[in-house]
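Undergrad: Sharing a structure below in structure tokens format, with a few things to ask.
The values are calculated or read from the model by the stated rules, or taken from the named source; none is laboratory data. Quantities reported herein were computed from a predicted structural model and do not represent experimental measurements. Glycine gets a Cβ as well: all are built from the backbone with ideal geometry, and neighbour counts include every protein chain shown. With ligands, DNA and RNA removed, areas are computed over all heavy atoms of the protein, side chains included. Shrake-Rupley method; radii C 1.70, N 1.55, O 1.52, S 1.80 Å.
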Amino acid sequence: MLYRELGRTGLRLSVTGFGGSPLGDEFGRVDPEDGERAVHAAIDAGINFFDVSPYYGRTLAETRLGNALAGHRERVVLSTKCGRYDKNEFDFSADRVRASIDESLQRLRTDHVDIFLAHDIEFGDREQILRETLPAMRDVQRAGKARCIGVSGLPLRMLADVAQRGDVDVILSYCHFNLLSRDLDTVLTPVLRSRGIGLINASPLHMRLLSTHGPAAWHPAPEIVRWKAAAAVGLIERFGLDPAPVGLRFCIDHPYASSTLIGMSNAHEVEDNLKALDLHLLPELMHEIDSITAPVHNVTWPSGRAENSDV
């Protein structure tokens, strides 16, 4: 396993991170024992970064991850979030931030998290995020309940603005650096580099568009993106490769992102994702993938309040 520094936080993350959303049955029912075995297999393989949220499974993912980490907490860098609690339930107020961390710590069976993120900030008021949410999160940090703080979301322009005007240590971006999208490096990465802010990349498979099984019915990408992603998956399979490790390997090679989060729910998925570490991406394969996906490079979708969305 390879490890990278996360900005100026002092944390070292495994380049492959364990995305905890599947533990909350977000993509179908997961056997709790399978999920626990996945966590233990990941730790044994050197994966030390685990990310979760009270939103995933409406607290179920945190509870399951906390149970699985019993006796292993000191071996991992643990991240959770605040601000989003259901599909349409958001609360970025200072009081909710302070209550949220205590609830999460209880479910995670620990006295602190290493990374504390405001979740999907594009659904909140930008000025509240800057003036109320982030200061409250710094209070949480000063109380010893989090080692560093940051934000997550989809729209790159809002993330870049918060990075420039706010007080954050890390930003989690998803669906903006993978085989379908590269605009992360146009909009956000330069800002983070200049300020020493850590970067976590997520959704290397574009929320499962680039997987063998394909996305869930609710996936928000336009239909043409789905078609091109499916064509890319078919191409990768014709090369005799599994799309998941290929997509993950591409993201691992990002020069600034400390870790790429990918969802895992059983030990077999952990094993498959670890193959990315030893994978060499053939130039001819990458050229053909780029040719197929060129018409939809950097195509995104609306997310959050209209004033915060990139679309």
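Undergrad: Where does the chain land on Rg(C-alpha)/(2.2 N^0.38 Å)? Numbers along the way, then the final one.
TA: Details: Rg = 18.1 Å, N = 311, 2.2 N^0.38 = 19.5 Å.
Here the Cα radius of gyration is 0.93 times the empirical estimate.
Undergrad: In straight Cα distance, which lysines are under 23 Å from K81, not counting same-chain residues fewer than 8 positions off?
TA: Straight-distance partners of K81: K145.
Undergrad: Between I224 and R195, what length in nm is gained on full extension when 0.36 nm per residue of separation is reduced by their alpha carbon distance?
TA: Going from the current span to full extension adds 6.8 nm.
Undergrad: Next question. If you consider only alpha-carbon coordinates, what radius of gyration and Dmax does segment 194-311 have, in Å?
TA: Rg then Dmax for segment 194-311, in Å: 15.0, 44.
Undergrad: Using 0.36 nm times the number of residues separating K275 and T212, minus their current alpha carbon distance, what extension gain do you get?
TA: Values: separation 63, 0.36 × 63 = 22.68 nm, distance 1.57 nm.
My answer for the length gained is 21.1 nm.
Undergrad: Let me ask something else. What number comes out for accessible area per residue over segment 1-55 if the probe is 1.4 Å? Units Å², please.
TA: On a per-residue basis, segment 1-55 sits at 39 Å².
Undergrad: Counting only other residues whose beta carbon sits under 12 Å from that of N308, what net charge do I get with K and R as +1, D and E as -1?
TA: After counting each charged neighbour, the total is -4.
Undergrad: Across segment 138-153, in residue order, what do the Karplus-derived ³J(HN,Hα) couplings come to in whole Hz, using 6.51 cos²θ - 1.76 cosθ + 1.60 with θ = phi - 60° and x for Gly and Pro?
TA: Here the 3J(HN,Hα) series is 5, 4, 4, 5, 4, 7, x, 9, 8, 7, 8, 10, x, 9, 9, x Hz.
Undergrad: Follow-up question, since we're still on this one. Rolling a 1.4 angstrom probe over the protein chains, ignoring ligands and nucleic acids, what is the accessible area of H287 in square angstrom, nearest 10?
TA: 120 Å²
Undergrad: Moving to a separate point now. Given a 1.4 angstrom probe, what's the average accessible area per residue across segment 234-290, in square angstrom?
TA: 43 Å²
Undergrad: Does segment 82-235 come out rounded, prolate or oblate by the C-alpha gyration tensor, with a ≥ b ≥ c the root eigenvalues, rounded set by a/c under 1.5 and, if not, prolate when a/b is larger than b/c and oblate if not?
TA: prolate
Undergrad: Within the chain, what whole-number % of the accessible surface is contributed by carbon and sulfur, with the 1.4 Å probe and all protein chains included in the calculation?
TA: Answer for the chain is 49 percent, counting heavy atoms of protein chains only.
Undergrad: Treat segment 1-112 as a sphere of radius equal to its Kirkwood radius over Cα pairs and apply Stokes-Einstein at 20 °C in a medium of 1.002 mPa s; give the translational diffusion coefficient in µm²/s, rounded to a whole number.
TA: This corresponds to a translational diffusion coefficient of 148 µm²/s.
Undergrad: Based on DSSP H runs of at least 4 residues, each adding -39500 (n - 2.57), what is the mean residue ellipticity at 222 nm of the chain after dividing by all its residues, to the nearest 500 deg cm²/dmol?
TA: Computed ellipticity for the chain at 222 nm equals -10500 deg cm²/dmol.
Undergrad: Ok, one more. Using the Cα centre of the chain as the reference point, and only Cβ charges (+1 on K/R, -1 on D/E), how large is the resulting charge dipole? Debye, rounded to the nearest 20.
TA: The calculated dipole for the chain is roughly 580 debye.
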